[in-house]
Structure formats: C-alpha cells, structure tokens
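Peer 1: One structure, pasted below without further comment.
The values are calculated or read from the model by the stated rules, or taken from the named source; none is laboratory data. Nothing here was measured: the structure is a model prediction, and the numbers come from that model. Backbone-built Cβ (ideal geometry, glycine too); neighbour counts: all protein chains shown. Ligands, DNA and RNA are stripped out before the accessible areas are found, and what is left, the full protein with its side chains, is counted by its heavy atoms. Shrake-Rupley method; radii C 1.70, N 1.55, O 1.52, S 1.80 Å.
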Amino acid sequence: MADSVGMEAPMSESLNDPSDKKKEGTEESHGSAQQFDGVAESLKGTTKNWSELKAAEGIMAAMFSGVLITVASIYTRLAGDEGMPAIHAVFMNELMAAIVFLPIPFLLGAPVTGNTWVTLIMLLILGVGRMIAFICFFISVLYIPPANSFVIRHGIIPLLTASMEVLFLRVAPSAAEWVGIGLSIIGVVLTASGRSWLKEDEELYLNILGNMLAVISAFGLAGLIIMTRYLLKTLPMWTLLFYIKLIGIMVAFPLLFLDPPFSGMNSNLSYYLVAQGFLYTVGIGIMFHSLTLENASTVALVKNISILVAFVLERYVLHIIPTMMELFGAILVIGSTTVVAIVLWFNKWKEQRNR
C-alpha cells in the first residue's frame, strides 16, 4: 500500500511539472509561427504577381484607350456618311465628355485652378491645342480612310514626343523605342502615298488635304501628350480633364454656326453619335491614366496598336479595301509597336522581380 502511494506521488508531480507545460507551449508557438510564415510567403507571392501586373498597367491602358478612340472614329465616319457635318460630330464628343468630366473635380475635391500663372497658361494652351488637333483628326477621317489617319498620326507622334521629351523633360527614349520610331516613320510614308495614284484630280486633292490634316493633328497631339505628362507631375488628372473639356466645349460650340443647321437626324445617326461620344470619353480618360504611369513617348508608341483595329473595322464596317502599300506600312507600324511594347514590359517586369 505504501509502495502504491509512493508511486502515485511521482506521477502526480510529473503531471504538474511546469517544464512540461512550457515545452508544450513552445511547440504550439513554433507551429503557429510556421503557419504565419506560410501565410506570409503566400501573400508575398501574391504581391509579387500583382506587382508584375502593375508593371504592364500603363502599357495596357494606352493600348485600350487607342482602341476605344479608334472605334469612336469609325462611328464618326458612319455619322458623316449619314450627312452629319464633322464639326457637329466633334461637338457631340466634347459635350458628352464635358458632362462626365466637368463635375468630377468638385466631387473629389481636386483643384480647379493652376498652382501658378504659368501653369494656368499652359492649361489654356493645352485645351485649345488639343481641340484644334482633334478637329483636324476627325475631319481627316472623312477625306481619307480612317486607318490611314491613324497610321499617319500615330506613326509621327512617337518621333515628335521622343524629341520633345529629350528637349523639355530630359527623358531619353530607349534603343528599342528609337527602332520602333524609325519603322513607324517608314510605315507612315508608305501609307500616305499608297492611295494617291488611284485618285482622280479632285479626289487626289481631298486625299492630300486629309493627309495634311492628319499630320497637323499629329503635331498637336504630340505637344498635348508631352504637356499633359509635364502637368501631371504637379496637378491631378481630373484638373487637366476639367480644363481640357471646359475649353473644348467653349471652342466647339461657336464652330457649329460655321455649318448650316442639320435637320436629317434619324435613329441610326443618333446611335452613331451617342456611341462615338461614349467611346471617346472613356478612351480619353484611360489615356490620361496611362500618362500618369508611362513616359509620353511610350504611350504614343504603344497606342499604334489601334491601327490594326482601324483596318479591320474599315474593311468589314466601312467596306474600304486597303492597298498593298497601305497594308505594308501598317504592318511596319504595328510590328514596331508590338516589339517595343514587349521589350518595355519585359524590362519593367525584370525591375519588379529584382526588387
């Protein structure tokens, strides 16, 4: 009996030994730490993948905005074929964009004045210059095939923006961008001359006028992209859009009176105008977002992908068959766009991965 009592005592002591409890607690803590490390590694991997996607955000936004504005221009051409004057179509674009963008600074508390008088003057120049460039572009799509307007405009803009970036922003384009710019210029020359020999004298005049308007719009938009990129360093995107759309509607409205009143509205024309205005508004907003993420020359070069969309829609919606020279020029421009976009995205992806 005494022996049994003697055996029970050590057993009771062993059950109540604090060192055993401490050991169990240590094991539980170690297991929790391992679980936490596993969750942390999983979150780290997710964050890394998200960073890789963010590296391509600016490029994808530039491409998407180009596609939207391309489709909007096709609707402008369809509206023109229904008899709608080009200025009226431009006004509808500006009106819809103004309805969307003018209230946003007040809703978000963004400033509606520039930091300095110089900034305010730049905003005014930006608004007027952009309006002139877009008027020239949307009129050009009525005189020459829309795809040609895009080839000329987007083929010249990368060279202009790259030159302006070097002069004003001190940002040197990469070697890949310079190669893309060179191929784009060759594509522009081929496209602009690809239809001239098919035209009669009067049609040739309109073809030359359309090409010239596309070139003028390229110069205006190149300055727009550079100035926008510069102003976005100190001002919110919504402030720029506020001034651009306010000035746009103020410039476009008086121009309506240069054309006789239009009274041929029908359901198809109403659809074309609403569709072009909606796509144009969304495309402009996304383009400005891309300029907050990428260099101006990168955005201008990547947007050349819209040329492919323009040729497809032109062929199957407008039933315009491109010439071989136009196609070859477009292939050069699109090829340069694709290569540069891949190189730029890969370089950014490597930077993000090394971090």
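Peer 1: I'd like to know if segment 289-309 contains one or more residues that are at pLDDT 85 or above, open to solvent by 10 Å² or more (accessible area, probe 1.4 Å) and closer than 17 Å to V67 by Cα.
Peer 2: Among the residues of segment 289-309, at least one is at pLDDT 85 or above, open to solvent by 10 Å² or more (accessible area, probe 1.4 Å) and closer than 17 Å to V67 by Cα, which makes the answer yes.
Quick grid of which residues meet (1) of a type in the set (A, V, I, L, M); (2) out of contact with any helix residue (DSSP H, G or I) (no Cβ under 8 Å at 6 or more places or on another chain); (3) in a helix (DSSP H, G or I); (4) over 17 Å from T234 (Cβ atoms):
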residue	(1), (2), (3), (4)
I74	yes, no, yes, yes
M84	yes, no, no, yes
L95	yes, no, yes, yes
A110	yes, no, no, no
L126	yes, no, yes, no
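Peer 1: So, in segment 92-139, of the ones that are of a type in the set (F, W, Y) and modelled with pLDDT of 90 or more, which residue ends up most open to solvent (accessible area, probe 1.4 Å)?
Peer 2: My answer is F106.
Peer 1: Also: Quick one: is G210 among the small types (G, A, S), at pLDDT 85 or above and in a helix (DSSP H, G or I)?
Peer 2: Answer is yes for this residue.
Rundown of residues vs (1) of a type in the set (S, T, Y); (2) assigned to a helix (DSSP H, G or I); (3) within 29 Å of L160 (Cα to Cα), yes/no style:
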{"position": "Y230", "(1), (2), (3)": "yes, yes, yes"}
{"position": "K245", "(1), (2), (3)": "no, yes, yes"}
{"position": "F262", "(1), (2), (3)": "no, no, no"}
{"position": "F311", "(1), (2), (3)": "no, yes, yes"}
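Peer 1: Let me ask another. Under the condition of being open to solvent by less than 20 Å² (accessible area, probe 1.4 Å) and at pLDDT 85 or above, which residue from segment 219-246 is nearest to N115 (Cα to Cα)?
Peer 2: So the residue we want is L235.
Peer 1: Could you tell me which residue of segment 190-205 is modelled with the lowest pLDDT, considering only residues that are loosely packed, with under 15 Cβ neighbours inside 10 Å and among the aliphatic types (A, V, I, L, M)?
Peer 2: The residue in question is L198.
Peer 1: Go through the residues of segment 270-280 one by one and say whether even a single one is modelled with pLDDT of 90 or more, open to solvent by less than 60 Å² (accessible area, probe 1.4 Å) and within 23 Å of I125 (Cβ to Cβ).
Peer 2: Yes, segment 270-280 contains a residue that is modelled with pLDDT of 90 or more, open to solvent by less than 60 Å² (accessible area, probe 1.4 Å) and within 23 Å of I125 (Cβ to Cβ).
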